[in-house]
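Everything below concerns the one structure shown next.
The values are calculated or read from the model by the stated rules, or taken from the named source; none is laboratory data. This structure is a prediction, so every number in the text was calculated from the model and none was measured. Quick reminder, even Gly has a Cβ in these numbers, built from the backbone with ideal geometry, and neighbours come from all protein chains shown. Note: accessible area is taken over every heavy atom of the protein model, side chains too, but ligands, DNA and RNA are not part of it. Shrake-Rupley method; radii C 1.70, N 1.55, O 1.52, S 1.80 Å.
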Amino acid sequence: MAEADGVSARSVPPYLREAELIKQGAEARVYRIRFLGKSAIVKERFPKRYRHHVLDEKLTRRRTAQEVRSILRCRKAGIAAPVVYFVDLSTNCIFLEEIADSITVREHIAAAQASGQSVESLHHLAEKMGRVLAKMHDEDVIHGDLTTSNMLLKPERSGDLPLLLIDFGLSFVSALAEDKGVDLYVLEKAFLSTHPNTETLFQKLLQSYTAASKKAPAVIKKLDEVRLRGRKRSMVG
Amino acid sequence: MTVVIGFEGSANKIGIGIVRDGEVLSNPRRTYITPPGQGFLPRETAKHHRGVILTVLREALDEAGLKPADIDCVAYTKGPGMGAPLVTVALVARTVAQLWGKPLVGVNHCIGHIEMGRLITGANNPTVLYVSGGNTQVIAYSERRYRIFGETIDIAVGNCLDRFARVIKISNDPSPGYNIEQMAKKGKQYIELPYTVKGMDVSFSGILSYIEEMAHKMLSSGQCTAEDLCFSLQETVFSMLVEITERAMAHCGSQEVLIVGGVGCNLRLQEMMGIMCEERGAHLFATDERFCIDNGAMIAQAGWEMFRMGQVTELSDSWITQRYRTDEVEVTWRD
Amino acid sequence: MASCVRASMSDNQFELTIEVPFPSQREVSIALQSLSPDREPGTGGTVRTLSASANALSVKWNAVEARSLRVSAGSFLDHLALVMETMDAFGQPALP
């Protein structure tokens with residue numbers, strides 16, 4: 001245990017010393033920076049001192065690599081995600097395209113609900129989410145941390161509202177329906193706890209997911225199984 | 001002033017506590033301890049509770065210096081938990097409520113933990129990590145519910161620790177978790193174990209089956225000590241718990257964490273959570289074994305909140321339920 | 001504690017009736033209301049019926065299997081004994 005705490009205070013990569021810290025997420029610190037003349041975001045997975053350094057290094061390395069890999073895989077398949085500009089593996093920093101003027105789906109839904117819009121007005125968005133996720137799963141990308149905070153909307157002048165996926169740190173590649181089912185289960189729980197009284201919205205999402213992917217029936221079946229496991233679990237103590 | 005007596009016995013502890021407007025007047029408890037290698041079964045646990053419940057009730061009243069007439073409401077655990085022990089405790093609660101002519105309030109066990117934690121620590125609107133033998137949940141309050149943002153998708157963290165203790169025959173006295181914690185302090189070597197986090201959810205069944213399969217081999221070959229295994233298991237599962245708590249905090253924009261439930265009194269878990277909080281300028285709230293571990297006062301405290309809002313449970317509706325999700329309860333006492 | 005026990009069997013149907021006397025209507029009613037709320041755990045085809053008269057609680061079982069009847073009756077008697085002990089220990093001052 002002593003060693004875990006013995007890791008000396010982190011050294012900030014030189015290029016982040018002047019950078020603007022935007023926020024500290026669960027995984028990383030996020031900075032705004034100029035990179036080769038473009039405005040970029042740097043995601044720094046700094047060492048987490050609460051966990052054993054061996055575990056920390058393993059997780060950090062794996063997640064940095066996995067995030068980049070899955071973003072590339074998604075973008076190749078035409079799924080919107082930020083462009084990766086550069087990766088610094090020695091400091092576990094990823095340089096990403098800044099999605100300017102975007103808001104999270106979470107903020108969008110909350111704003112719609114706060115302004116008294118009907119749930120029906122959000123059906124279109126839910127359907128879009130379902131289609132994007134179906135496409136991602138058809139590429140065998142499991143996001144691993146699907147929430148409405150990890151989806152961005154970027155209003156365009158044309159009136160379009162493309163949906164981007166971000167935060168692929170927990171992602172992995174798998175063709176198993178079970179993994180895809182759990183991915184949707186994680187989203188369902190996060191969705192319903194974050195946005196009370198939106199059950200119909202999530203239903204819409206699943207409907208469009210099902211319509212968009214040939215492999216959906218097996219995934220939905222697994223989703224049902226995982227839900228049932230949760231409900232059947234004894235809760236002693 | 002409102003005085004509520006609370007009855008708890010959903011697992012292997014039987015506790016009866018009395019709370020008067022936020023003050024714990026008494027909180028006696030007994031634990032059913034099984035031999036090393038054995039877990040507690042519903043029937044035997046119910047028998048244990050049945051054998052001591054009236055003594056514990058007498059203690060609760062005497063320590064508080066109260067007579068039945070001073071009590072305003074009788075609260076009991078409606079669920080979740082093991083059926084037979086829940087029934088045993090509910091029977092006594094129903095009987096005294098009628099004998100003393102007091103209203104009855106059925107309380108969700110998990111809500112009891114949360115409300116007790118809030119009372120003792122003064123945490124206002126925390127992200128709650130609820131960790132015990134039967135539950136692993138990350139909870140935050142919004143719009144009249146304690147909403148579950150993350151939880152285990154298979155077994156509870158306490159169940160994982162208890163079952164590991166059984167595999168290498170660690171004593172259940174005072175609790176397997178306590179003994180693992182003490183042994184872990186002497187662990188030197190970190191053994192890599194499966195680490196499974198899915199967003200704000202966790203899974204412990206993989207790590208348990210891995211360690212169940214490997215423990216004896218590693219111990220007999222001298223590859224590591226039992227202390228190393230305790231250390232490595234704690235470091236791994238607690239890291240998972242801190243990670244999902246932090247993720248929920250980032251998602252909800254919360255700057256407070258409250259740890260409740262039996263596993264919550266583990267000082268290493270509290271230490272790790274404290275470091276995470278420090279790194280993000282957040283505040284950690286935790287309690288000690290008196291209130292973390294199942295007890296009667298927590299049921300009294302949640303019952304007190306409910307009773308003050310005019311909620312009572314009719315006798316005919318006072319059945320117990322083994323499954324009772326935290327988010328089923330409408331939280332009428334918070335804005 | 002039981003003043004009257006009847007057991008019978010016909011067409012593979014077991015029946016058991018127990019009458020439990022109490023000092024007064026109040027105790028009968030308390031026992032009835034304490035023991036009624038929890039449903040019988042799903043033990044194949046055993047039905048338990050509780051009813052109260054002026055100074056006795058009657059319990060009737062109909063069962064297909066003798067074993068599940070025994071389990072149900074056994075656990076019921078345990079529960080009943082606990083309720084009665086609770087009354088003895090904490091029931092002295094009746095409401096004014």
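Search the range C:42-67 for residues being farther than 22 Å from residue C:8 by Cα and over 15 Å from the mean Cα position of the chain (by Cα), and hand back the single one that is farthest from the other protein chains (Cβ to nearest Cβ).
C:54
When you scan the range A:131-237 for helices (runs of 4 or more DSSP H) that lie fully inside it, which ones turn up with 1 or more residues that are open to solvent by 30 Å² or more (accessible area, probe 1.4 Å) and among the polar types (S, T, N, Q)?
A:199-212
Given (1) part of a loop (DSSP other than H, G, I, E, B); (2) at pLDDT 95 or above; (3) away from every other protein chain (no Cβ under 14 Å), where does residue A:48 come up short, assuming only one miss?
It is condition (3) that residue A:48 fails.
Can you name every residue in the range B:136-154 that is over 21 Å from residue B:335 (Cα atoms) and touching a strand residue (DSSP E or B) at 6+ places or on another chain (Cβ under 8 Å)?
B:136, B:137, B:150, B:151, B:152, B:153 - these are the residues of the range B:136-154 that are over 21 Å from residue B:335 (Cα atoms) and touching a strand residue (DSSP E or B) at 6+ places or on another chain (Cβ under 8 Å).
Mind checking whether some residue in the range B:198-207 is more than 30 Å from residue B:290 (Cβ to Cβ) and in a loop (DSSP other than H, G, I, E, B)?
yes
I'd like to know if the range B:212-230 contains one or more residues that are among the β-branched types (Val, Ile, Thr) and open to solvent by less than 40 Å² (accessible area, probe 1.4 Å).
no
Which of (1) farther than 30 Å from residue A:49 by Cα; (2) open to solvent by 30 Å² or more (accessible area, probe 1.4 Å) is the odd one out, the single condition residue B:298 does not satisfy?
The number of the failed condition is (2).
Out of the residues in the range B:21-66 meeting the condition of being among the hydroxyl-bearing types (Ser, Thr, Tyr) and not in a loop (DSSP other than H, G, I, E, B), tell me which one is nearest to residue B:322 (Cα to Cα).
B:45
Say we look at the range B:94-103 and pick out the residues that are in contact with a strand residue (DSSP E or B) (Cβ under 7 Å, 6 or more places away or on another chain) and open to solvent by 10 Å² or more (accessible area, probe 1.4 Å); which of these is nearest to the other protein chains (Cβ to nearest Cβ)?
Among them, the one singled out is B:102.
Does the range B:112-127 include one or more residues that are modelled with pLDDT under 95, within 14 Å of chain A (Cβ to nearest Cβ) and open to solvent by 10 Å² or more (accessible area, probe 1.4 Å)?
Checked the range B:112-127: no residue is modelled with pLDDT under 95, within 14 Å of chain A (Cβ to nearest Cβ) and open to solvent by 10 Å² or more (accessible area, probe 1.4 Å).
Is it the case that some residue within the range C:68-75 is within 13 Å of another protein chain (Cβ to nearest Cβ), in contact with a helix residue (DSSP H, G or I) (Cβ under 9 Å, 6 or more places away or on another chain) and either at pLDDT below 95 or not in a helix (DSSP H, G or I) (or both)?
yes
Pairs, please: C-beta under 8 Å, at least 6 apart or cross-chain, first residue over 16 Å from residue A:128 (Cα atoms) and in the range A:91-116, second open to solvent by 40 Å² or more (accessible area, probe 1.4 Å) and hydroxyl-bearing (Ser, Thr, Tyr)?
A:95/A:85; A:96/A:85; A:97/A:85; A:98/A:39; A:100/A:39; A:112/A:121
Among the residues of the range A:21-37, which ones are within 11 Å of chain B (Cβ to nearest Cβ) and either open to solvent by less than 30 Å² (accessible area, probe 1.4 Å) or part of a strand (DSSP E or B) (or both)?
Hits for the range A:21-37 are A:23, A:24, A:25, A:26, A:28, A:29, A:30.
Inspect all residues belonging to the range B:318-335 and state whether any of them is open to solvent by 30 Å² or more (accessible area, probe 1.4 Å) and farther than 24 Å from residue A:192 by Cβ.
yes
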